[in-house]
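Okay, structure first, notes after.
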Amino acid sequence: MVKTEEIRAKDLSTDDFIQQKAKEIAELVGKGFAINALSGGVDSSAVTMLGHKALAKNLKTYFIDNGLMRQGEPESIVSIFKKMGVEVEIINAQDKFFKALKGITGPEEKREAITQAFYKDVFGKLVKQSNAKYLLQGTILTDVDETVAGIKRQHNVFEQLGIDPQEAFGYKIIEPLVQLRKDGVRKVASALGLPEEIYNRMPFPGPALAARIIGEVTPEKINTVRKATSIVEEELKAVKAFQYMAILHQDRVTGMRDNKRDFGLQIEIRCWDSLDARNAKSTRLPYETLEKLASRMTKEVPGVVSATYNIATKPPSTMEAI
Ligand code: XMP
């Protein structure tokens, strides 16, 4: 039975939580072997440290390079963990993910394609090769809530939907963070000794930059949204917001460049104030900041002729675009 009663951040004793979860993981895995995938987000980072505390060499950690991550992300995350004494192996699976996403335009279908590529194709094979019987995973309570409520199919939720991972993929999943929300996970990650750039890291979705493209995901579109993301992250770094992002739209709009008509791309910028991602509103950014963003988007991202700022609230919007 999966434990899902919430532990609120204010009631959380991080030391007790870490001791208890490390003990549970060690008991479950026994003399066996577990694997996990690190993305560098606060959830998977906390699970990686917790798992290594519990299992040491009996946990093997991979970083799956799905081709959908931000600029330089795989290398920088692996080097942070190396400094913490945790070896992480990068698996280049870019082709598999782009193949799985080819021709798919629906948001839920894209999420499902990524889930299947990750768990069945890439991870399933790694688990088989390694003989691991357990997969450690950083699912949190908000992922479960939104998936069960049918709002958004989070890539990492199975049992709560009646899917048996053992049957579907051949391994058991351990979810030590499933009673926490993001604020609780940040406390645990800090208590585990992770650096602030990790425990205070801005959330980033499981489907990565694919969640920021409307319509079909291709390597070219990922390049475009990756450049736009770097600009947004650079310009808004100093803003105390919950999360900020760039979204590449599918529709083209007429623009003009060098006195010629240019039927170009549109980038939507979102910057959210939120406590726990359940509700959010757009940050009141200074107009000068917005102008600078628009100017850089249209000058530095090839093909972009339009930049907009989203001022809707969640709900009815969600934070990501898919
Ligand atoms: P939404 O778009 O649902 O996002 O309002 C709420 C928060 O969750 C993040 N998000 C995800 N995180 N896997 C994740 O681990 C996912 O599939 C996923 N989808 C959205 C999103 O970035 C925001 O912080």
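The values are calculated or read from the model by the stated rules, or taken from the named source; none is laboratory data. None of these values were measured; they are calculated from a predicted model. Neighbour counts are summed over all protein chains in view; Cβ atoms, including those assigned to glycine, are modelled from backbone coordinates with ideal geometry. Note: accessible area is taken over every heavy atom of the protein model, side chains too, but ligands, DNA and RNA are not part of it. Shrake-Rupley method; radii C 1.70, N 1.55, O 1.52, S 1.80 Å.
Of all residue pairs spaced 6 or more apart or on separate chains, those with beta-carbon atoms under 9 Å, a first member in the stretch 77-91 that is surrounded by 11 or more Cβ atoms within 10 Å (Cβ to Cβ) and part of a strand (DSSP E or B) and a second member that is at pLDDT 95 or above and of a type in the set (Ser, Thr, Tyr) are Val88/Thr48; Val88/Thr61; Val88/Tyr62; Glu89/Thr61; Glu89/Tyr62; Ile90/Tyr62; Ile91/Tyr62.
If you go through the stretch 187-207 and keep only what is away from the ligand (no atom under 16 Å from the Cβ) and in contact with a strand residue (DSSP E or B) (Cβ under 9 Å, 6 or more places away or on another chain), you end up with nothing. Can you find a residue in the stretch 54-65 that is within 14 Å of the chain's Cα centre (by Cα), assigned to a loop (DSSP other than H, G, I, E, B), at pLDDT 95 or above and away from the ligand (no atom under 15 Å from the Cβ)? Scanning the stretch 54-65, I find no residue that is within 14 Å of the chain's Cα centre (by Cα), assigned to a loop (DSSP other than H, G, I, E, B), at pLDDT 95 or above and away from the ligand (no atom under 15 Å from the Cβ), so the answer is no. Contact map, the stretch 254-265: residues that are free of Cβ contacts under 8 Å to residues at least 60 places away in the same chain paired with residues that are open to solvent by 100 Å² or more (accessible area, probe 1.4 Å) and part of a strand (DSSP E or B), Cβ distance under 7 Å, separation 6+ or inter-chain. Pairs shown: Thr254/Arg261; Thr254/Phe263; Asp262/Met256.
If only residues of the stretch 302-322 that are away from the ligand (no atom under 16 Å from the Cβ) and either among the polar types (S, T, N, Q) or under 19 Å from Gly206 (Cβ atoms) (or both) are counted, the one that is least open to solvent (accessible area, probe 1.4 Å) is Ser306.
The single condition among (1) modelled with pLDDT under 95; (2) more than 28 Å from Leu101 (Cα to Cα); (3) in the same structural domain as Pro74 (by TED's automatic domain parsing) that Asn259 does not meet is (3).
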